[in-house]
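Working notes, beginning with the structure itself.
The values are calculated or read from the model by the stated rules, or taken from the named source; none is laboratory data. Since the structure is predicted, the reported quantities are computational estimates derived from the model, not experimental observations. Cβ sites come from the backbone with ideal geometry, for glycine too, and all protein chains shown count toward neighbours.
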Amino acid sequence: MTTLHFVLPDGSSRDVPATPGHSLMETAISNGVPGIVAECAGSLACATCHVFVDEAIASRLGGPEGAEDEMLDFAAVERRPLSRLGCQVKIEDWMDGATITVPETQV
Amino acid sequence: MSDFSVPGGQPAACPFHAAGANHEPFRHEGMYEFFASVRDDVPVFYSPQIGYWVVTRREDVLATLRDHESFSAEIATQPITPWPQKVLDYLKERNFTNEAVQVACDPPRHTRIRMIASRFLNVRRFSFYEDALRKLVRVYIDRITGLDEVDLVDAIFYEFPAQVVFLLLGETDFDPRKIKKWGDLRLNMVWGKPSESELELAVHDLADFWDYACELVEARKVAPGDDYPSFLLARRDGDDAVLTENEIKSLVFGLLIAGHETTTNAAGNLFLELMKRPEEWAKIVRRPELVANAVEEGLRYASSVVAWRRTAKVDVTIAGQDIPKGDRILVALASANHDGACFDDPETFDVERRNPREHLAFGSGIHTCLGAPLARLELKVLLEELSARFPDMALMPGQEIDWTKTISFRGPSQLRVRLRG
């Protein structure tokens, strides 16, 4: 089983089971991880599922591209090098144990 | 619009048929009670008065909004009461070339335009306006300070969102009441039940409204500023493949409606529900940190957009009901937002509700309202400022609430309060 480690804005953290093929956003929503809003439900239309991935994910997947890259420019919390939209990152087996940080706010 | 037969041949006594027969799409009194009475048994029914399938449950509304492959949005801004040829001819004569650019267009056109518009209309950029918004609200509040009684809609909610739109457009010298009048008129022409003579009168103003949007864009071509039309023109940079000039004019025309009508109504709805419940208002006064959640609960409990439209692009099935390609669908956002499957005790207005944000007042999917963060900001500032300045504000007793009369938009046309309790 793949487990993701979410770090929340208040410093607490939460381990949630993840299914390969689902997105980070879907995983967060279905496990009730607070701070992921996903207003547009993964249509790349809102930038409210902004997360910071860990170095391992960033180096293996590369950075955001195209529309995701554009959308990140206007996320509520300013983007950083590890910023991604959760709806665009598909879970893979090797992500087991990865740390995903939830920004202070999405709106 | 009266000759729609009920498909399927259901017997008269079945709940499906009864729901269709009892559905009064233009009537706001009793709307929530009606949906509460049908939602459990009837997830979808046919409304013969308008010729639309009506979807009542949140789950199905959400699925419909998110499935832009099966459902087209092109119908979203088409007149629900068709305009007579005379009106269409007049608009042509007046060069009314407004085209669908956002809410009523499908991908890939929608994707191209949204990616550009959203680079200006987004939460980050809106947040830069917070101080200006607060200043504006305070001007309106100062004007009513000292009065005993006031109609909040007339005194603040009607104009304030239009002033915010002017901020985005870089307009400094225009009468907000004129924009509001134009907006009201267009809403009635598209979503209301205007008579032919009303339409013939209104269409002149509609054409004037379009001319105003065009002139505004033309002016920014000559003297660009730090505003939405100037931004769009800069992105276009003369390239029709990016955005045409007519698309820019249509975007500005769109913002001149979408940017304020629903926020005026949302503010009226929120404050009406709070004023009806002094204990909830007192919570906001005591604990201003509840404001953001209260705003969401207002949007959930009394959305200013109660229904939205789609057309089936293919044969679809919603909640077991087969709907053929080409049929029209009305997603009842008001009903979805009171669905007990998502919201505990859905008919209770509770500023401390756990999950009000799961409402669908701003839609979902690729057409999620671009102005949602701005509307939220405006409502937040209004609630913070008014509750701080008038903590004892109370509803004037005995007033009858008069609602807007369109199929999609809902808000009180007045809200009289005592400012000092």
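Can you name the residue in segment B:38-77 that is outside any loop (DSSP other than H, G, I, E, B), of a type in the set (A, V, I, L, M) and touching a His at 6+ places or on another chain (Cβ under 9 Å) and is also farthest from the other protein chains (Cβ to nearest Cβ) among such residues?
Of everything passing the filter in segment B:38-77, B:38 is farthest from the other protein chains (Cβ to nearest Cβ).
Evaluate the following for residue B:186: is it touching a residue at least 60 places away in the same chain (Cβ under 8 Å), under 30 Å from residue B:119 (Cβ atoms) and among the basic types (Lys, Arg)? Please lay out each step first, then the result.
Working: touching a residue at least 60 places away in the same chain (Cβ under 8 Å): yes; under 30 Å from residue B:119 (Cβ atoms): yes; among the basic types (Lys, Arg): yes.
Judged against the criteria, residue B:186 is a match.
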*What's the number of the condition residue B:142 fails, among (1) free of Cβ contacts under 8 Å to residues at least 12 places away in the same chain; (2) within 14 Å of chain A (Cβ to nearest Cβ); (3) over 28 Å from residue B:313 (Cα atoms)?*
(2)
*Checklist (1) surrounded by 18 or more Cβ atoms within 10 Å (Cβ to Cβ); (2) within 14 Å of chain A (Cβ to nearest Cβ) applied to residue B:112, failing item*: (1)
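Would you point out the residue of segment A:5-16, among those that are touching a strand residue (DSSP E or B) at 6+ places or on another chain (Cβ under 6 Å) and within 24 Å of residue B:354 (Cβ to Cβ), that is surrounded by the most Cβ atoms within 10 Å (Cβ to Cβ)? Talk me through it step by step, then tell me what you get.
Within segment A:5-16, the first condition is being touching a strand residue (DSSP E or B) at 6+ places or on another chain (Cβ under 6 Å), and the residues that meet it are A:5-7, A:13-16.
Right, trim to within 24 Å of residue B:354 (Cβ to Cβ) and you get A:6-7, A:13-16.
Numbers: A:6: 23, A:7: 16, A:13: 13, A:14: 16, A:15: 11, A:16: 16.
Across segment A:5-16, the extreme among qualifying residues is A:6.
How many residues, within segment B:320-338, are more than 20 Å from the chain's Cα centre (by Cα) and at negative phi?
6
Do you know which of the residues in segment A:23-49 that are over 20 Å from residue A:12 (Cα atoms) and more than 9 Å from chain B (Cβ to nearest Cβ) is modelled with the lowest pLDDT?
Applying the first criterion (over 20 Å from residue A:12 (Cα atoms)) to segment A:23-49 yields A:23, A:26, A:38-48.
Next cut, more than 9 Å from chain B (Cβ to nearest Cβ) only: A:23, A:26, A:38.
Values: A:23: 96, A:26: 93, A:38: 89.
So the residue we want is A:38.
Identify, from the list B:368, B:348, B:406, B:311, the residue that is among the polar types (S, T, N, Q) and within 14 Å of chain A (Cβ to nearest Cβ).
Values: B:348 fails: within 14 Å of chain A (Cβ to nearest Cβ); B:406 fails: within 14 Å of chain A (Cβ to nearest Cβ); B:311 fails: within 14 Å of chain A (Cβ to nearest Cβ).
Step by step, each of B:368, B:348, B:406, B:311 is checked, and only B:368 is among the polar types (S, T, N, Q) and within 14 Å of chain A (Cβ to nearest Cβ).
Of everything in segment A:22-38, what is without any contact (Cβ under 8 Å) to a residue 40 or more places away in the chain and either among the aliphatic types (A, V, I, L, M) or crowded, with 19+ Cβ neighbours inside 10 Å (or both)? Give them in sequence order.
At the first step, the residues of segment A:22-38 found to be without any contact (Cβ under 8 Å) to a residue 40 or more places away in the chain are A:29-32.
Passing the criteria: only A:29.
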*Could you say whether any residue in segment B:372-384 is surrounded by fewer than 22 Cβ atoms within 10 Å (Cβ to Cβ), away from chain A (no Cβ under 13 Å) and not basic (Lys, Arg)?*
yes
*Scan A:74, A:52 and give me the residue that is within 27 Å of residue B:125 (Cα to Cα), of a type in the set (Phe, Trp, Tyr), at pLDDT below 95 and surrounded by 14 or more Cβ atoms within 10 Å (Cβ to Cβ).*
A:74
_From B:128, B:96, residue being within 14 Å of chain A (Cβ to nearest Cβ), of a type in the set (A, V, I, L, M, F, W, C) and either loosely packed, with under 14 Cβ neighbours inside 10 Å or more than 30 Å from residue B:70 (Cβ to Cβ) (or both)_ = B:128
*Which of the residues that make up segment B:168-181 are closer than 15 Å to residue B:255 by Cα, surrounded by fewer than 21 Cβ atoms within 10 Å (Cβ to Cβ) and not basic (Lys, Arg)?*
B:170, B:171, B:176
*Report yes if some residue within segment B:186-195 is modelled with pLDDT of 90 or more, under 23 Å from the mean Cα position of the chain (by Cα) and surrounded by fewer than 15 Cβ atoms within 10 Å (Cβ to Cβ); otherwise report no.*
yes
*Please give the number of the condition residue A:65 fails out of (1) away from chain B (no Cβ under 14 Å); (2) closer than 21 Å to residue A:22 by Cβ; (3) free of Cβ contacts under 8 Å to residues at least 12 places away in the same chain.*
(1)
*Check segment B:361-375 and report whether any residue there is closer than 23 Å to residue B:278 by Cβ and part of a loop (DSSP other than H, G, I, E, B).*
no
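Against the condition in a loop (DSSP other than H, G, I, E, B) and touching a residue at least 24 places away in the same chain (Cβ under 8 Å), how does residue B:381 come out, does it pass?
Details: in a loop (DSSP other than H, G, I, E, B): no; touching a residue at least 24 places away in the same chain (Cβ under 8 Å): yes.
The answer is no for residue B:381.
Look at residue B:342 and say whether it is under 15 Å from residue B:266 (Cβ atoms), assigned to a loop (DSSP other than H, G, I, E, B) and within 14 Å of chain A (Cβ to nearest Cβ).
Values: under 15 Å from residue B:266 (Cβ atoms): no; assigned to a loop (DSSP other than H, G, I, E, B): yes; within 14 Å of chain A (Cβ to nearest Cβ): yes.
So residue B:342 fails the test.
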*Matching residues, segment B:288-327, being closer than 19 Å to residue B:357 by Cα and free of Cβ contacts under 8 Å to residues at least 12 places away in the same chain*: B:289
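Checking the condition at pLDDT below 95, assigned to a helix (DSSP H, G or I) and either under 17 Å from residue B:104 (Cβ atoms) or not aromatic (Phe, Trp, Tyr) (or both), which residue from B:232, B:201, B:216, B:251 passes? Walk me through it before giving the result.
Numbers: B:232 fails: at pLDDT below 95; B:216 fails: at pLDDT below 95; B:251 fails: at pLDDT below 95.
Just one listed residue meets the conditions, B:201.
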*Kindly list the number of the only condition in (1) in a helix (DSSP H, G or I); (2) within 14 Å of chain A (Cβ to nearest Cβ) that fails for residue B:33.*
(2)
